[in-house]
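Inspection log for the structure reproduced underneath, given as structure tokens.
The values are calculated or read from the model by the stated rules, or taken from the named source; none is laboratory data. What you see is a predicted model, and the numbers here were worked out from it, not measured in a lab. Virtual Cβ from ideal backbone geometry, glycine too; neighbours counted across all protein chains shown.
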DNA sequence: TGCCGGATCCTG
DNA sequence: AGGATCCGGCAA
């Protein structure tokens, strides 16, 4: 199965977040086991002014990878015990990334309906940080059929209430009929992008 | 150098 | 509702 190439990621972050739905995230662990899952929920973090984004700490800060080459993994530790997996987007010099929030489990993978559970299920940790997904043989995203617009929902990002006006942007995207999205996406409302005026 | 708070999850 | 538990950023 072909993997997603750099030009897929080097676009508007919200578009990448939308088109990542349905694609297959694959990690070959140190134990040689292939673990994978279909991406069913994402969030977009875009631009230098997004108050919810780690990119706010600047091009030399914690999330400097977000300012760099699209298609690279940005993995960080949160709350001292969990990992979150992102893919860098946009052109060089403009920060952006998509957080993978939930997977439908495929090969040797346990439930992954939350960003930290995604990393736990696929054994992704900071050893995966800065890996180029377009070149790595152990961490990449396979190109799977595109999900129809009618199945997509969008709503505000989770856990970023501190970000003021930026918290209300509907930059969380998920597959409406998936059993494997996070609790908030399964029970929350959300709306269809096609219904936008 | 010290402190604060977080793109979370689980248990009670 | 609260605890677990580490690290980067910012204030002093």
Exercise. (1) near DNA strand B (Cβ under 9 Å from one of its atoms); (2) in a loop (DSSP other than H, G, I, E, B); (3) under 26 Å from residue A:155 (Cβ atoms): which one isn't true of residue A:70, the others all being true?
Worked result: (1)
Problem set entry | Which listed residue is closer than 19 Å to residue A:20 by Cα, over 14 Å from the mean Cα position of the chain (by Cα), in contact (Cβ under 8 Å) with a residue 60 or more places away in the chain and not in a loop (DSSP other than H, G, I, E, B), from A:121, A:102 | A:121
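Any chance you could count how many residues in segment A:9-50 are part of a strand (DSSP E or B) and in contact with a helix residue (DSSP H, G or I) (Cβ under 6 Å, 6 or more places away or on another chain)?
Applying the first criterion (part of a strand (DSSP E or B)) to segment A:9-50 yields A:24-28, A:34-46.
Remaining after also requiring in contact with a helix residue (DSSP H, G or I) (Cβ under 6 Å, 6 or more places away or on another chain): A:27, A:35, A:39, A:41-42, A:44, A:46.
Going through segment A:9-50 one residue at a time, the tally reaches 7.
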Problem set entry | Number of the condition not met by residue A:143 [criteria: (1) out of contact with any helix residue (DSSP H, G or I) (no Cβ under 6 Å at 6 or more places or on another chain); (2) away from DNA strand B (no atom under 13 Å from the Cβ); (3) at pLDDT below 95] | (3)
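Name the single residue, out of those in segment A:78-97 being within 13 Å of DNA strand C (Cβ to nearest atom) and surrounded by 14 or more Cβ atoms within 10 Å (Cβ to Cβ), that is farthest from residue A:127 (Cα to Cα). Before you say what the answer is, go through the steps one by one.
Keep residues of segment A:78-97 that are within 13 Å of DNA strand C (Cβ to nearest atom), which gives A:78-84, A:95.
Next, from what is left, pick out any that are surrounded by 14 or more Cβ atoms within 10 Å (Cβ to Cβ): A:82-84, A:95.
Numbers: A:82: 13, A:83: 11, A:84: 12, A:95: 22 Å.
Top of the filtered list is A:95.
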